[in-house]
Amino acid sequence: MMASFGDVNASVVPRPAGDAGRGLFATSTINMGKEVFSMPATFSTVLSTERLSDVCSNCFANLPFGVNVMASVDMKLRACSGCKVVKYCDEKCQSANWKLIHKHECAIYKKLYPKILPVNSRAVLRIVKLRNSNEEHVKSDLTMFLSLRSHLNEITNSNQEQYERIMLSAKAEKEYSGSDLDIETIAEYLARIEVNSFTFTTAFGDPLGLCIQPFACYMNHSCEPNAVVGFDEGLITVKALCKIKPDEQVFISYIDNTYPFEVRQKQLAERYFFTCKCSKCAQGTTAREDHFIPSNPSSDEIETLKKAEKQASELLTAARGSKAESAVKQLKSAMKALHDTKMWPITRQPYPEIRSELIVSLLEIEDFWSAFRHGLVRYLSVDPVLYPHEWHPIRTNHEFVFSQLVIAITGEHSSKIPKESKYEFDPVSAVYPILTKLDKNQKYETPGFARSIKAEYDALMAPVREIGYDASTASAAQAMSPAWKVLDNIAEETLEIDG
């Protein structure tokens, strides 16, 4: 059974969800990898300031950056001639975005230029301007947006700095928008955005900005989610991580649910104002995410671990505000701090996040060999623990990036590999199992990402098929095993050198 919301069909409907307010509940069985719903992310989706220069503000096509920095894209963005703030890939996108929303914001952006409004202010400006729309789907979205909790009272009582920032933004918003809304109402809008927005990303998971899609905002949180949110081709898409039964509530994770119990609880309380009581949180500090080596460290060992975690977390934060060259040094130092304790598992956060940030920074400075080595560690030893599901989009993204790295360092960038026999391996043997799995699971992916997987797989398999070789046989697997022994050794060496 499919429920209809405007032009969108969904396998879920909003219903009361106890203390959580409202939630989305399945109307029929939703199998693993299947869509829960997919709809245009058009209500209020805005790019972060740093992405305005390299992403189309209508279709969100982007120039290569982040994990997709190796992509070859033939695209030239041009700025709006009026405000010079937003950019588009062609006249068609510019015209469509003007009709959709930019006609309401262009003059304001132009007046403020070269100052650019913060991302939250641009998001609320769109909502303020859409209040007078006569389109039914916009009216429906606005009604749902107004039904979302703002938690402004909780913010007022618990975070004075955040409250003052919201009120200052609301005053400024009223002034430059010319809205008839009072400051308190605009402040409620801003608070709703802070509490309910999604991080808007590329299909590869790189952050682009924020998205408010009110229907999707009805989904509640669990640290053991049964669904996951993704973005691709201007759509917000939710897919099932496991089988969801009729009348079962759909849960996503608002935070990185691979972090330890106390970190998760703190993040949820500070931003979302609730205490999570999901099945994972019910395990407290006994769950996998909280394990150390040894499992019961002494008081002195705990003190050592706390110091290392503090140092690593500070370096991770600093790296996010640094240029790639500096970030690499900071992230390596962060990993070393955890590695030197000899008690911090490589699968316990923030170790995995630091490694992933390091891979992105290494890609940006085109150190493909080092990115490959750390991608290999992540592929072999980290992601199978963090994402043990049959399919998970984050693990899939990481696998795809790693497959590209294998192809890059054994092809165009083969000179990056040290000229030692211990690093020699057959590239097809290395990349074939990865791309085969990706090809098998591409039916679960969003369309744009699935096309990328198919293109890589077809390019790899074309010469193999030409000679009539079947790479899926047992004999082929045996022939590939020497390459993976080499890769295992490279991963072990990486852990010994860098952690």
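The values are calculated or read from the model by the stated rules, or taken from the named source; none is laboratory data. In this text, all values refer to a predicted model and were calculated from it rather than measured experimentally. For neighbour counting, all protein chains shown are included, and Cβ atoms are generated from backbone atoms with ideal geometry for every residue, glycine included.
Restricting the search to the stretch 218-250, which residues are free of Cβ contacts under 8 Å to residues at least 40 places away in the same chain and in contact with a Cys (Cβ under 8 Å, 6 or more places away or on another chain)?
Hit for the stretch 218-250 is N226, nothing else.
Sort out which residues of the stretch 83-116 are among the aliphatic types (A, V, I, L, M) and assigned to a loop (DSSP other than H, G, I, E, B), and write them in order of number.
V85, V86, I116 - these are the residues of the stretch 83-116 that are among the aliphatic types (A, V, I, L, M) and assigned to a loop (DSSP other than H, G, I, E, B).
Condition test on A334, is it surrounded by 23 or more Cβ atoms within 10 Å (Cβ to Cβ) and over 29 Å from V431 (Cβ atoms)?
yes
Starting from residues that are of a type in the set (A, V, I, L, M) and buried (at least 16 other Cβ atoms within 10 Å of the Cβ), keep the ones in the stretch 418-458 and report whichever is farthest from D488 (Cα to Cα). Before the answer, list the steps.
Narrowing the stretch 418-458 to residues of a type in the set (A, V, I, L, M): 428, 430-431, 434-435, 438, 450, 453, 455.
Filter once more, keeping what is buried (at least 16 other Cβ atoms within 10 Å of the Cβ): 428, 430-431, 434-435, 438, 450, 453.
Values: V428: 16, A430: 11, V431: 14, I434: 15, L435: 18, L438: 21, A450: 28, I453: 24 Å.
Looking at the filtered set, the residue picked out is A450.
Say we look at the stretch 274-304 and pick out the residues that are closer than 19 Å to T347 by Cβ and of a type in the set (G, A, S); which of these is nearest to the chain's Cα centre (by Cα)?
The qualifying residue nearest to the chain's Cα centre (by Cα) is A287.
Here are V406, V382, V401, V428: which of them is of a type in the set (V, I, T), in the same structural domain as D439 (by TED's automatic domain parsing) and closer than 19 Å to A308 by Cβ?
Exactly one residue qualifies, and that residue is V382.
Taking F215, is it in contact (Cβ under 8 Å) with a residue 24 or more places away in the chain and either closer than 28 Å to C59 by Cβ or surrounded by fewer than 16 Cβ atoms within 10 Å (Cβ to Cβ) (or both)?
The answer is yes for F215.
Test each condition in (1) exposed (fewer than 15 other Cβ atoms within 10 Å of the Cβ); (2) in a loop (DSSP other than H, G, I, E, B) for G499 and report the one that comes out false.
(1)
Yes/no per residue for (1) part of a strand (DSSP E or B); (2) more than 25 Å from L386 (Cα to Cα); (3) of a type in the set (S, T, Y):
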residue: V195; (1), (2), (3): no, yes, no
residue: L208; (1), (2), (3): yes, no, no
residue: C223; (1), (2), (3): no, no, no
residue: Y259; (1), (2), (3): no, no, yes
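Does E289 qualify as being within 25 Å of E399 (Cβ to Cβ), among the charged types (D, E, K, R), assigned to a helix (DSSP H, G or I) and in contact (Cβ under 8 Å) with a residue 24 or more places away in the chain?
Numbers: within 25 Å of E399 (Cβ to Cβ): yes; among the charged types (D, E, K, R): yes; assigned to a helix (DSSP H, G or I): yes; in contact (Cβ under 8 Å) with a residue 24 or more places away in the chain: yes.
Yes, satisfied.
Suppose the filter is farther than 25 Å from E50 by Cβ and either surrounded by 21 or more Cβ atoms within 10 Å (Cβ to Cβ) or not assigned by TED's automatic domain parsing to the domain that holds V401 (or both); does K342 pass it?
On the way: farther than 25 Å from E50 by Cβ: yes; either surrounded by 21 or more Cβ atoms within 10 Å (Cβ to Cβ) or not assigned by TED's automatic domain parsing to the domain that holds V401 (or both): yes.
It is true that K342 is farther than 25 Å from E50 by Cβ and either surrounded by 21 or more Cβ atoms within 10 Å (Cβ to Cβ) or not assigned by TED's automatic domain parsing to the domain that holds V401 (or both).
For the stretch 403-424, state whether one or more residues are under 30 Å from S38 (Cα atoms) and either touching a strand residue (DSSP E or B) at 6+ places or on another chain (Cβ under 8 Å) or in a helix (DSSP H, G or I) (or both).
Here is the first cut: in the stretch 403-424, the residues under 30 Å from S38 (Cα atoms) are 403-404.
The next check asks that each one be either touching a strand residue (DSSP E or B) at 6+ places or on another chain (Cβ under 8 Å) or in a helix (DSSP H, G or I) (or both); those that pass are 403-404.
The answer is yes; a qualifying residue exists.
Out of curiosity, is V85 surrounded by 15 or more Cβ atoms within 10 Å (Cβ to Cβ) and modelled with pLDDT of 95 or more?
yes
Taking the stretch 23-55, which residues are over 18 Å from I236 (Cβ atoms) and surrounded by fewer than 19 Cβ atoms within 10 Å (Cβ to Cβ)?
T27, S28, T29, N31, M32, T49, E50, S53, D54, listed by residue number.
Table: residues versus (1) modelled with pLDDT under 95; (2) surrounded by 15 or more Cβ atoms within 10 Å (Cβ to Cβ); (3) farther than 24 Å from K84 by Cα.
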| position | (1), (2), (3) |
| --- | --- |
| Y113 | no, no, no |
| I116 | no, yes, no |
| E135 | yes, no, yes |
| V138 | yes, yes, yes |
| R165 | no, yes, yes |
| A172 | no, yes, no |
| G178 | yes, no, no |
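Could you look through the stretch 384-395, keep only residues that are modelled with pLDDT under 95 and farther than 14 Å from D256 by Cβ, and pick out the one that is surrounded by the most Cβ atoms within 10 Å (Cβ to Cβ)?
W391
Taking the stated definitions as given, is R264 surrounded by fewer than 17 Cβ atoms within 10 Å (Cβ to Cβ), part of a helix (DSSP H, G or I) and not polar (S, T, N, Q)? Explain how you work it out, then say what you get.
Numbers: surrounded by fewer than 17 Cβ atoms within 10 Å (Cβ to Cβ): no; part of a helix (DSSP H, G or I): yes; not polar (S, T, N, Q): yes.
Spelling it out, it is not the case that R264 is surrounded by fewer than 17 Cβ atoms within 10 Å (Cβ to Cβ), part of a helix (DSSP H, G or I) and not polar (S, T, N, Q).
State the number of residues belonging to the stretch 49-82 that are part of a loop (DSSP other than H, G, I, E, B), modelled with pLDDT of 90 or more and either hydrophobic (A, V, I, L, M, F, W, C) or farther than 30 Å from E357 by Cβ (or both).
8
In the stretch 1-12, what residues are modelled with pLDDT under 95 and not small (G, A, S)?
Matches in the stretch 1-12: M1, M2, F5, D7, V8, N9.
Based on what the data block shows, is N153 part of a helix (DSSP H, G or I), closer than 30 Å to M219 by Cα and in contact (Cβ under 8 Å) with a residue 12 or more places away in the chain?
no
Being surrounded by fewer than 17 Cβ atoms within 10 Å (Cβ to Cβ) and modelled with pLDDT of 95 or more: is that true of T275 here? Before the answer, list the steps.
Working: surrounded by fewer than 17 Cβ atoms within 10 Å (Cβ to Cβ): yes; modelled with pLDDT of 95 or more: yes.
Spelling it out, T275 is indeed surrounded by fewer than 17 Cβ atoms within 10 Å (Cβ to Cβ) and modelled with pLDDT of 95 or more.
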